[in-house]
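**Q** Structure below; questions to follow.
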Amino acid sequence: MDAGTFAAKARTGEVVFGYFLLLDSPLATERIATTGYDYMCLDGQHGLLDYAGWIRGLQAIDAAGAGVGIVRVPSAEAAGIGRALDAGAAGIIVPLVNTADDAAAAVAAAKYPPQGIRSYGPMRSGLRIGPDTGRANAETLVLAMIETPEGIANVHEIAAVEGIDGLYIGPTDLSIALGGTHLGDPAIEVEFAATLVRIRDAAKAAGKIAAVHTSSGDLAAERVAAGFTFITIASDLMHAEQIARSHLQTAQLAISDSTPKPPTGESLGTAN
Ligand code: 3PY
Ligand code: MG
């Protein structure tokens, strides 16, 4: 999918599913990208990739020929946003947006003049978007993360900022912002649910994308039912650990069963 098609799909409120990449493993990224996610997001805030890793990751996503590559940038600062876009990201997710000014700064950093202040140096993005700065401005998605007490309080002002395409909920920081100690803290369950609704409704009232991070396909399905349309389903690091643990637990069950049985054949599939 090209950046323009993806941006149009997301902006019109079609449901798009994405995946977070924390590991600097272009080969794993390329293989996961072939599974059909609409977007693959390299995590430049907490992930383990440096700038060369962003380039490798975005190349791997494009090589898969499926969804687009985007980057969660480290902050709303212009330098990181410009570099993510120069590297070929189709959009950015900006963490910890507290105010309309933060949101406007992120938009300005993501757009070339006259809309913004992005400097021209499309190292890799030039391969797909070419020299047309207007087209780059139009096709670049900018999502503001709402995950702090200030961000929650200012959510309507942030949603109203021109050039902000959507509000993206970071549930773990949001839980902490609400006084919880961890994601899923029962002490803040009711407030957490109400805040998801507040952010979703603020996005929709402003005609923007309601976006959310989730930890599983089941939860992503619940978020679709609740009206969110831009939904990340977990990450490579989380899945590697979960699957490794679950296979080990399945195999360990056999230890308690001491009756020997004849070995079975193996099903066909990839060996690794
Ligand atoms: C959060 O849950 O705080 C996030 O930023 C998601 O990665
Ligand atoms: Mg966060």
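The values are calculated or read from the model by the stated rules, or taken from the named source; none is laboratory data. Everything quoted here is computed from the prediction, not taken from an experiment. Cβ: placed from backbone, ideal geometry, glycine included. Neighbour counts: every protein chain shown. Quick note on the areas: whole protein, heavy atoms, side chains included, nothing else; ligands and nucleic acids left out. Shrake-Rupley method; radii C 1.70, N 1.55, O 1.52, S 1.80 Å.
The rows are residues; the columns are (1) within 14 Å of ligand 1 (Cβ to nearest atom); (2) within 15 Å of ILE146 (Cβ to Cβ).
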{"site": "GLU191", "(1), (2)": "no, yes"}
{"site": "ALA194", "(1), (2)": "no, yes"}
{"site": "ARG200", "(1), (2)": "no, yes"}
{"site": "GLY207", "(1), (2)": "no, no"}
{"site": "HIS213", "(1), (2)": "yes, yes"}
{"site": "GLY217", "(1), (2)": "no, no"}
{"site": "GLU222", "(1), (2)": "no, no"}
{"site": "THR229", "(1), (2)": "no, no"}
{"site": "THR232", "(1), (2)": "yes, yes"}
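**Q** Let me ask something additional. Looking at segment 126-145 only, could you name the residues that are part of a helix (DSSP H, G or I) and either among the aliphatic types (A, V, I, L, M) or touching a residue at least 40 places away in the same chain (Cβ under 8 Å) (or both)? Walk me through it before giving the result.
**A** Pass one, segment 126-145, residues part of a helix (DSSP H, G or I): 126-129, 133-139.
Correct list: LEU127, ARG128, ILE129, ARG135, ALA136, ALA138, GLU139.
**Q** Follow-up question, since we're still on this one. Counting only residues that are among the charged types (D, E, K, R) and under 19 Å from ILE81 (Cβ atoms), which one in segment 12-55 is nearest to ligand 1 (Cβ to nearest atom)? Lay out the reasoning, then the answer.
**A** The initial filter retains those residues of segment 12-55 that are among the charged types (D, E, K, R), namely 14, 24, 30-31, 38, 43, 50.
Next, only the ones that are under 19 Å from ILE81 (Cβ atoms) stay: 43, 50.
Working: ASP43: 7, ASP50: 19 Å.
Top of the filtered list is ASP43.
**Q** Mind checking which residues of segment 40-71 are open to solvent by 10 Å² or more (accessible area, probe 1.4 Å), within 20 Å of PRO122 (Cβ to Cβ) and within 15 Å of ligand 2 (Cβ to nearest atom)?
**A** GLY44
**Q** Quick check on my filter: what residues within segment 146-185 are without any contact (Cβ under 8 Å) to a residue 60 or more places away in the chain and hydrophobic (A, V, I, L, M, F, W, C)?
**A** ILE146, ILE152, ALA153, VAL155, ALA159, LEU167, ILE169, LEU174, ILE176, ALA177, LEU178, LEU183
**Q** When only residues in segment 116-150 that are of a type in the set (Val, Ile, Thr) and within 16 Å of ligand 2 (Cβ to nearest atom) count, which is most open to solvent (accessible area, probe 1.4 Å)?
**A** Filtering segment 116-150 for residues that are of a type in the set (Val, Ile, Thr) and within 16 Å of ligand 2 (Cβ to nearest atom), the one most open to solvent (accessible area, probe 1.4 Å) comes out as THR148.
**Q** Sticking with this one: Of the numbered conditions (1) closer than 28 Å to GLY134 by Cα; (2) at pLDDT 95 or above; (3) open to solvent by 50 Å² or more (accessible area, probe 1.4 Å), THR34 satisfies every one except a single condition; which is it?
**A** (1)
**Q** Right, next: Among the residues of segment 115-123, is any more than 16 Å from ligand 1 (Cβ to nearest atom) and part of a helix (DSSP H, G or I)?
**A** Within segment 115-123, none of the residues are more than 16 Å from ligand 1 (Cβ to nearest atom) and part of a helix (DSSP H, G or I).
**Q** Taking the stated definitions as given, is VAL155 under 21 Å from ARG223 (Cα atoms) and more than 16 Å from ligand 2 (Cβ to nearest atom)?
**A** Criteria not met by VAL155.
**Q** Additional query: Restricting to segment 225-237, what's the tally of residues that are among the hydrophobic types (A, V, I, L, M, F, W, C), more than 14 Å from ILE169 (Cα to Cα) and in contact (Cβ under 8 Å) with a residue 60 or more places away in the chain?
**A** Total satisfying the criteria: 1.
**Q** I've got another one for you. Can you name the residue in segment 91-111 that is in a loop (DSSP other than H, G, I, E, B) and surrounded by fewer than 21 Cβ atoms within 10 Å (Cβ to Cβ) and is also farthest from ligand 1 (Cβ to nearest atom) among such residues? Steps first, please.
**A** So in segment 91-111, the residues in a loop (DSSP other than H, G, I, E, B) come out as 95-99, 111.
If we keep only those that are surrounded by fewer than 21 Cβ atoms within 10 Å (Cβ to Cβ) too, we end up with 96, 98-99.
On the way: LEU96: 8, ASN98: 14, THR99: 18 Å.
Ranking the candidates gives THR99 first.
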